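Scroll down for the structure; my scribbles are underneath it.
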Amino acid sequence: MIIVNSIEELFEQTSAFNGSVGFVPTMGALHEGHLSLIREARAKSDFVVVSIFVNPTQFLEGEDLDAYPRKEDADAKICELAGVDVIFMPNAEMMYEEDELSIMAPAIRGFVLEGSKRPGHFDGMLQVVMKLLNLIAYNKPTAFRAYFGKKDAQQLALITQMVKNYFINVEIVPCDIVRDADGLALSSRNVYLSKEERVRALTLSRSLKKATELVMRKQFEVVMIKEAMAEVLKEVDVQYIALVNRQFQAIDEVEIGNTIILVAAGVGSTRLIDNLWI
Ligand code: AMP
């Protein structure tokens, strides 16, 4: 495994690739969730590239950019064990110039849910993903797949749309959410939680479980499901509970095979998101 810190070094590596490439973009502090993406990439590609970059343009004023966990040595070991070929670890200076042109999230899908709670976040996220995809594809791999978690469901939908709208030659592969044994969706931000907060954080996945139970009893009415979820989420600071179709349009009734249930909540000073695909 080789760690590269510049675009020139990255190109040196990727120009020698003679086969398919699987790419996993991350912000580091790797956990089993990231690892599941890496494993899937490893199983399906000749070469695996992981990027580790805490992208400043997707953090809003007052968010945790400086505090975001950085664990480069541990990350490198995890990648090495998982059979990654190249880790790309750029810095902000080489990724951005002063007066950049920007990419904007679409007006409807990009401005609901996370987009409304974190205005500008998706613009920055799409900008960096566009750059990273172009960088990895630069030397024209025979096949190019990029792996993203369903954990960030709206992000995944917007990246899929960007790839379609801008005719980017990459296959986006959605990967299932990985959870701790108690149900908490893995996130690099879970390290911020105190013991007591971690217990309250479990209510996010529990509320989704509650929703599943209702759907299994053929209770498809969104108002009722939201009410039941809110009851489970009483001890956290709920930012939204939403049921949407795969296009992120609000729905009144659950449609099996075309529904995502999403929840976002503050637990202490940590903001958590979780979701369930039905
Ligand atoms: P991040 O480092 O938070 O930017 O995440 C990098 C990638 O890992 C994104 O595609 C996330 O959706 C994915 N990811 C993060 N947590 C999980 C999880 N618990 N299960 C599956 N994928 C995840």
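The numbers here are math on the coordinates, done by the rules we state, and not lab data. Note that the structure is a prediction, hence the values are computed from the model and not measured. Neighbour counts are summed over all protein chains in view; Cβ atoms, including those assigned to glycine, are modelled from backbone coordinates with ideal geometry.
To the nearest 500 deg cm²/dmol, what mean residue ellipticity at 222 nm is calculated for the chain from DSSP H runs of n ≥ 4 alone, each contributing -39,500 (n - 2.57), summed and divided by the residues?
My calculation for the chain gives -11000 deg cm²/dmol from helical runs alone.
For the range 83-120 and the range 1-40, what is the centre-to-centre distance using only Cα atoms, to the nearest Å?
Using only Cα atoms to place each centre, the spacing works out to 18 Å.
Are there trypsin sites (Lys or Arg not before Pro) in the range 178-278 that DSSP puts in a loop and that have at most 16 other Cβ atoms within 10 Å, and which ones? Don't skip to the end; give the middle numbers.
On the way: sites: Arg179, Arg189, Lys195, Arg198, Arg200, Arg206, Lys209, Lys210, Arg217, Lys218, Lys226, Lys234, Arg246, Arg271; in loops: Arg217, Lys218, Lys234, Arg246.
When the trypsin sites (Lys or Arg not before Pro) of the range 178-278 are filtered for loop state and at most 16 Cβ neighbours within 10 Å, Arg217, Lys218, Lys234, Arg246 remain.
Decide, for the range 1-99, between rounded, prolate and oblate: order the square roots of the alpha carbon gyration tensor eigenvalues as a ≥ b ≥ c, take rounded if a/c falls under 1.5, and otherwise choose prolate if a/b is larger than b/c, else oblate. Don't jump to the answer; show the numbers that get you there.
Details: a/c = 2.13, a/b = 1.35, b/c = 1.58.
Oblate shape, in that a/c is at least 1.5 and b/c is the bigger or equal ratio.
Over the range 84-151, calculate the relative contact order: mean separation of alpha carbon pairs under 8 Å at least 6 apart, over the residue count, as a percent.
25 percent
Taking +1 at the Cβ of each Lys and Arg and -1 at the Cβ of each Asp and Glu, which of Val238, Ser269, Gln249 sits farthest along the dipole of the range 174-278 towards its positive end, judged by Cα position relative to the Cα centre?
Looking along the dipole axis, the top candidate is Ser269.
Given points 7 Å out from each Cα along the Cα-Cβ axis, report the Asp182 to Lys209 separation in nanometres with one decimal.
1.2 nm
Can you put His34, His121 in order of Cβ neighbours within 10 angstrom, beginning with the fewest?
Listing His34, His121 from fewest to most nearby Cβ atoms yields His121, His34.
Which order do Asp85, Asp99 fall in if you start with the one that has the fewest other Cβ atoms within 10 Å?
Asp99, Asp85
Which whole-number percentage describes the relative contact order of the chain, with Cα contacts under 8 Å and a sequence gap of 6 or more? Kindly include the intermediate steps, with their values, before the conclusion.
On the way: 468 pairs, mean separation 49.2, N = 278.
Relative CO of the chain lands at 18 percent.
If we restrict to alpha carbons, what Rg and Dmax does the chain come to, in Å?
Rg and Dmax of the chain, Cα atoms, are 19.0, 57 Å.
Using a Gaussian network model of the chain whose springs link C-alpha atoms within less than 10 Å, name the residue from Ile251, Ile87, Ile177 with the highest mean-square fluctuation.
Ile251
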